[in-house]
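The values are calculated or read from the model by the stated rules, or taken from the named source; none is laboratory data. All values reported here derive from a predicted model rather than from experimental measurement. Here the Cβ positions follow ideal geometry from the backbone for every residue, glycine too, while neighbour counts run over all protein chains shown. Only protein heavy atoms, including side chains, enter the accessible area calculation; ligands, DNA and RNA are left aside. Shrake-Rupley method; radii C 1.70, N 1.55, O 1.52, S 1.80 Å.
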Amino acid sequence: TCPQCHRSASLEQRGLRGFQRNRLLEAIVQRYRQGRTAKCQLCDRSPAEPAAVLCEQCEVLYCAACQLRCHPARGPFAKHRLAPPPGQPGPPGGEGKGAGGGRKPATCGEHELEQYSMYCLSCRSPVCYQCLEDGRHGKHDVKALGAMWKQHKAQLSQALNGVSDKAKEAKEFLVQLKNLLQQIQENGLDYEACLVAQCDALVDALTRQKAKLLTKVTKEREHKLKVVWDQINHCTLKLRQSTGLMEYCLEVIKENDPSGFLQISDALIKRVQVSQEQWVKGALEPKVSAEFDLTLDSEPLLEAIHHLDFIQMKFPVTVPPVPLLQLEKCCTRNNSVTLAWRMPPLSHNPVEGYILELDDGDGGQFREVYVGKETLCTIDGLHFNSTYNARVKAFNSSGVGPYSKTVILQTSDVAWFTFDPSSAHRDIVLSNDNQTATCSSYDDRVVLGTAAFSKGVHYWELHVDRYDNHPDPAFGIARINVVKDMMLGKDDKAWAMYVDNNRSWFMHCNSHTNRTEGGVSKGATVGVLLDLNKHNLTFYINGQQQGPPAFENIEGVFMPALSLNRNVQVSL
């Protein structure tokens with residue numbers, strides 16, 4: 001059973017050798033092995049020297065020096081077999097380990113002396129002429145092997161384009177997901193902070209209400225106490241008066257003088273009656289009770305707290321609120337500015353996109369520089385040594401929301417740049433912190449600088465580190481969308497001077513002008529002077545101006561540009 005497709009296959013008499021060998025995979029493995037340089041296993045140096053031989057008996061790799069020192073071809077080592085290390089060609093005419101020579105043409109599995117020359121469409125396998133003559137594939141549709149090879153390669157390339165597009169979409173989707181992760185993290189922290197603030201507000205409100213209720217209880221208690229104390233004092237006074245009257249009356253009754261008694265008895269009887277009338281009904285009952293007629297109904301509130309939860313509500317769609325600029329992420333680099341913003345937390349209105357506006361760097365009118373869904377934007381090609389004001393607003397189906405606060409950003413005073421690996425042609429090879437450029441192809445390829453110029457005077461120099469076989473490197477300026485797989489200046493997006501070892505020419509739109517004597521060699525310096533105040537471009541070789549200004553009436557946004565092939569290496 002095949003471990004990959006899980007289909008069963010019948011073995012012939014030859015067993016596994018009856019299956020076709022995967023020659024393509026063998027070639028890929030061989031190419032991979034050839035790309036790996038075997039190192040000496042006995043070298044004291046770091047890094048070790050490349051291995052020159054492999055002793056099959058010792059199973060040790062030796063460089064030339066270590067072989068002479070540690071494995072001489074005499075004594076017990078004389079009979080050891082030395083072979084080339086893996087990944088290197090064997091001796092001429094041999095087929096030693098890791099032989100790196102050209103592959104033999106594929107031969108038919110049925111007829112080992114015949115090479116594959118046709119492709120059977122019915123069996124979907126390559127065949128030889130002998131297979132066709134034997135009759136096994138005689139009635140099958142066959143085509144030339146080379147034609148089918150090209151056809152299938154084209155089909156595979158076309159299918160790969162689709163996979164490449166999907167892979168690109170997947171990468172963009174991964175970036176979107178990573179941005180979503182960051183946004184979820186930020187929104188989660190914002191919502192946590194808002195939740196804490198809301199709960200703290202509830203606790204504060206409950207604390208304030210608690211203080212109010214305690215005040216009410218205190219007032220009620222003080223009122224009851226005052227009433228009771230007033231009643232105690234009043235009752236005590238009346239009791240004292242009644243007691244005194246009773247004692248006086250008892251003393252009067254004890255007297256045996258009738259005339260004296262009758263002289264005061266009427267008045268005394270009235271006083272006793274008046275005193276008795278003062279103890280009216282309820283006078284001997286407390287005016288207040290010890291119980292407090294205050295009942296706190298906390299059950300609804302407790303129930304509301306227990307049911308306190310997030311709710312999904314459909315709010316009426318209105319314009320978005322004011323975006324919040326994230327000042328810690330806003331920055332400038334060279335003549336580029338980067339701005340970042342986000343929506344405030346607990347914002348229920350949907351956002352379909354944002355509009356970023358920037359002034360002209362001189363206090364002029366704002367203009368739109370970005371419209372889209374992203375919350376991070378970099379604007380290139382601004383003026384150097386300028387102060388820009390930026391603001392952003394959000395929009396949805398209901399309209400455009402209010403502007404954010406304005407942020408002020410200052411671009412760099414002086415331009416500086418390196419070669420840009422992100423926009424360079426894939427054959428461009430950069431090193432030295434992206435300040436040195438060469439190429440892996442014999443064809444001219446373009447690389448741009450990381451800065452973009454729109455005004456001012458700018459000058460830069462390029463040093464020719466290597467110059468072999470008289471190539472024609474081109475130096476100049478270009479727009480961001482310049483064609484990068486041909487010499488600089490052949491399209492309408494670049495203005496350049498290309499130069500050999502004797503002469504130089506100016507070129508734009510594939511038009512060659514102003515041939516000037518004086519070329520470059522190893523160690524030469526090429527200067528480029530871009531004067532956007534006078535709108536012209538001038539070139540220098542070793543300090544000497546190459547003719548008049550090369551191009552006039554140059555306006556727009558330009559980037560330093562260079563085209564070269566593998567015979568040239570240049571450093572900024």
What pairs can you find where one residue is in region 450-465 and outside any strand (DSSP E or B) and at pLDDT below 90, the other is among the aliphatic types (A, V, I, L, M) and surrounded by fewer than 17 Cβ atoms within 10 Å (Cβ to Cβ), and their Cβ atoms are less than 7 Å apart, with a gap of 6+ or different chains? 452/557; 454/557
When region 517-548 is examined, which residues are found to be closer than 11 Å to residue 497 by Cα and not small (Gly, Ala, Ser)? 526, 528, 537, 538, 539, 540, 541, 546
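Which is over 24 Å from the mean Cα position of the chain (by Cα) and open to solvent by 30 Å² or more (accessible area, probe 1.4 Å), of 320, 402? Walk me through it before giving the result.
Working: 320 fails: open to solvent by 30 Å² or more (accessible area, probe 1.4 Å).
Going through 320, 402 in turn, the sole match is 402.
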For region 78-88, how many residues are in contact with a helix residue (DSSP H, G or I) (Cβ under 9 Å, 6 or more places away or on another chain) and either part of a helix (DSSP H, G or I) or at pLDDT below 85 (or both)? 3
Give me the pairs: first residue in region 321-334 and hydroxyl-bearing (Ser, Thr, Tyr), second residue open to solvent by 70 Å² or more (accessible area, probe 1.4 Å) and at pLDDT 90 or above, beta-carbon distance under 8 Å, and six or more apart or on different chains, which are they? 332/410
Selection within region 104-128 - within 16 Å of residue 146 (Cα to Cα), open to solvent by less than 60 Å² (accessible area, probe 1.4 Å), free of Cβ contacts under 8 Å to residues at least 24 places away in the same chain and not hydrophobic (A, V, I, L, M, F, W, C): 126
Quick check on region 222-255: of everything there that is exposed (fewer than 12 other Cβ atoms within 10 Å of the Cβ) and among the basic types (Lys, Arg), which residue is farthest from residue 287 (Cα to Cα)? 254
Apart from one, (1) open to solvent by 20 Å² or more (accessible area, probe 1.4 Å); (2) in contact (Cβ under 8 Å) with a residue 24 or more places away in the chain all hold for residue 306; the odd one out is (2)
Which residues, counting only those in region 397-449, are in a loop (DSSP other than H, G, I, E, B), in contact with a His (Cβ under 8 Å, 6 or more places away or on another chain) and among the β-branched types (Val, Ile, Thr)? 411
Residue in region 323-335 that is assigned to a loop (DSSP other than H, G, I, E, B), under 25 Å from residue 185 (Cα atoms) and touching a Ser or Thr at 6+ places or on another chain (Cβ under 7 Å) present: yes
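Restricting to region 16-52, and then to whatever is closer than 14 Å to residue 62 by Cβ and acidic (Asp, Glu), can you tell me which residue is modelled with the lowest pLDDT?
Residues of region 16-52 that are closer than 14 Å to residue 62 by Cβ, as a first pass: 38-45, 48-52.
Filter again for acidic (Asp, Glu), leaving 44, 49.
Numbers: 44: 83, 49: 86.
In this case the residue turns out to be 44.
Restricting to region 435-479, name every residue that is aromatic (Phe, Trp, Tyr) and either surrounded by 15 or more Cβ atoms within 10 Å (Cβ to Cβ) or over 14 Å from residue 560 (Cα atoms) (or both). Step through it out loud before you land on a result.
So the first thing to find is which residues in region 435-479 are aromatic (Phe, Trp, Tyr), and the list is 442, 453, 459-460, 467, 475.
Correct list: 442, 453, 460, 467, 475.
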Of the numbered conditions (1) part of a helix (DSSP H, G or I); (2) over 30 Å from residue 341 (Cβ atoms); (3) open to solvent by 60 Å² or more (accessible area, probe 1.4 Å), residue 162 fails exactly one; give the number of that condition. (3)
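Is it the case, given these coordinates, that residue 209 is in contact with a Lys or Arg (Cβ under 7 Å, 6 or more places away or on another chain) and within 30 Å of residue 292 (Cβ to Cβ)? Walk me through it before giving the result.
On the way: in contact with a Lys or Arg (Cβ under 7 Å, 6 or more places away or on another chain): no; within 30 Å of residue 292 (Cβ to Cβ): yes.
No.
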Within region 31-47, count every residue that is more than 12 Å from residue 85 (Cβ to Cβ) and in a loop (DSSP other than H, G, I, E, B). 7
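Hey, can you tell me all the residues within region 348-363 that are open to solvent by 30 Å² or more (accessible area, probe 1.4 Å) and over 24 Å from the mean Cα position of the chain (by Cα)? I'd like the intermediate steps shown before the answer.
Step one: of region 348-363, the residues open to solvent by 30 Å² or more (accessible area, probe 1.4 Å) are 348-352, 360, 362-363.
Of everything in region 348-363, those that are open to solvent by 30 Å² or more (accessible area, probe 1.4 Å) and over 24 Å from the mean Cα position of the chain (by Cα) turn out to be 348, 349, 360, 362, 363.
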Here the residues within region 121-155 that are within 17 Å of residue 107 (Cβ to Cβ), modelled with pLDDT of 80 or more and of a type in the set (A, V, I, L, M) are 127, 145
